[in-house]
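Each remark here refers to the structure printed beneath this line.
The values are calculated or read from the model by the stated rules, or taken from the named source; none is laboratory data. In this text the structure is predicted, and so the values were computed from the model without any measurement. Here the Cβ positions follow ideal geometry from the backbone for every residue, glycine too, while neighbour counts run over all protein chains shown. All accessible areas refer to the heavy atoms of the entire protein, side chains included, with ligands and DNA or RNA removed. Shrake-Rupley method; radii C 1.70, N 1.55, O 1.52, S 1.80 Å.
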Amino acid sequence: MRKPKISERDWLFILTMISGLGRKKIRQIHELAGSLQNAVDEWRLVGEKLRLSIELIQQVDAQTNPAVVERMLGEREAKKVGFLCVWDEAYPASLRHIPDQPLTLFYRGDSKLLEVPSIGVVGSRKPTPYGRASSAFLVKELVRAGLAVVSGLAHGIDGEAHQAALAAGGKTIAVLGCGLDHVYPPRHQALYQKIESFGLLLSEYPPHTPPFPGLFPERNRMISGLSLGVLVVEAAEKSGSLITADCALEQGRDVFAVPGPIFSSLSAGPHNLIKQGAKLVTSASDILEELPIVLPPDVPSGTADAKKSHDSELSPEEKAIVESITYDGVHVDEIVQQLEPDRRKSIHQLMLRLEAKGVLTALPGGYFARR
């Protein structure tokens, strides 16, 4: 039976939804047949020429049946999952010319963010308080400069970067290593929903795709591809974050790294990147001066400017508390000891006030760190 005449982008959607047909096979099919319509019209012959398994040939033949095609296209609309393909004008220019470009993009949220200048922020899944504070401090200033923050929704620095961008009133893009029907890691359900409402969730994989381990390294090329540069905040010597940095270099993007304590294993990744030519970052201005964007006039030029701004807003009591807290983090019990006995009952109000002013960040276990 001759397959129905539908658009090339819809055939690409249909083939992408079939398990076992990845982007590499689909490219081969398109190259051999000249178009996807030709391929499905002569599917048995195409499948045999490409030496596909009998099971896969039969599966594709069944799922390109007119009734199945109509149902799948209807389900795409019902799920309210946006779809872009490489042939669409709205496909992001930043991804169009990277090696092994995604053929398809599924999204929820604001797809216009694909046009916004972006910075990738990645790092350890088990960051130290210093890493968390560094990420929050830098992301806050980067979004003030008009950059969207791109990361992978993973535990650790990825999640911190998304949260910091949203808390600062900025925009963020989460690139998933699974389909949009899955929230991974599960504990980021609330963050997933926030990004869907105020940012963009993006995946090259069909919505039903579960989080297979091999898909996460693949998505890293999209994090770097969407970004003007990639910032690495804490990473072990063989961290997955370094794959993103390698992708950035291959794609001609800038790589930035936050230095850390020399005794920390999580400093090894950034320090090695710096030795290889990545730019050492201690303030947002170190990144912004390398990027081809126009900065708003109120963006601080560096750490000193940010500190001066914070200090002018603090009472003497608040300054004393902040000066007793390190960037690595201090437990609240130690902070209490800095207060006069009659002020210790108000510790929680004080800490909330300092968090609101952006000089401290709360960490798990009752710790606080400077930003």
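So here's what we get for this one:
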| read-out | value |
| --- | --- |
| Selection count where residues are open to solvent by 30 Å² or more (accessible area, probe 1.4 Å) and under 14 Å from the mean Cα position of the chain (by Cα), scope region 216-241 | 5 |
| Condition met for Leu45 (open to solvent by 50 Å² or more (accessible area, probe 1.4 Å), out of contact with any Lys or Arg (no Cβ under 8 Å at 6 or more places or on another chain) and either of a type in the set (A, V, I, L, M, F, W, C) or touching a residue at least 40 places away in the same chain (Cβ under 8 Å) (or both)) | yes |
| Residues of region 78-96 classified as aromatic (Phe, Trp, Tyr) and in contact (Cβ under 8 Å) with a residue 60 or more places away in the chain, total | 2 |
| Residue match in region 290-297 (condition: modelled with pLDDT of 80 or more, farther than 30 Å from Ile347 by Cα and open to solvent by less than 50 Å² (accessible area, probe 1.4 Å)) | yes |
| Some residue of region 66-76 being touching a Leu at 6+ places or on another chain (Cβ under 9 Å), of a type outside the set (Ser, Thr, Tyr) and open to solvent by 50 Å² or more (accessible area, probe 1.4 Å) | no |
| Residue that is over 22 Å from Ala168 (Cβ atoms), among the hydrophobic types (A, V, I, L, M, F, W, C) and modelled with pLDDT of 80 or more, where the choices are Val322, Val336 | Val336 |
| Members of region 83-125 that are basic (Lys, Arg) and part of a loop (DSSP other than H, G, I, E, B) | Arg125 |
| Count of residues meeting criterion [out of contact with any Phe, Trp or Tyr (no Cβ under 8 Å at 6 or more places or on another chain), of a type outside the set (Gly, Ala, Ser) and buried (at least 20 other Cβ atoms within 10 Å of the Cβ)] in region 114-129 | 6 |
| Among the candidates Lys140, Lys80, residue that is assigned to a loop (DSSP other than H, G, I, E, B), modelled with pLDDT under 95 and over 22 Å from Arg27 (Cα atoms) | Lys80 |
| Single match in Arg76, Arg96, Arg108 (criterion: under 28 Å from Leu273 (Cα atoms) and of a type in the set (Lys, Arg)) | Arg96 |
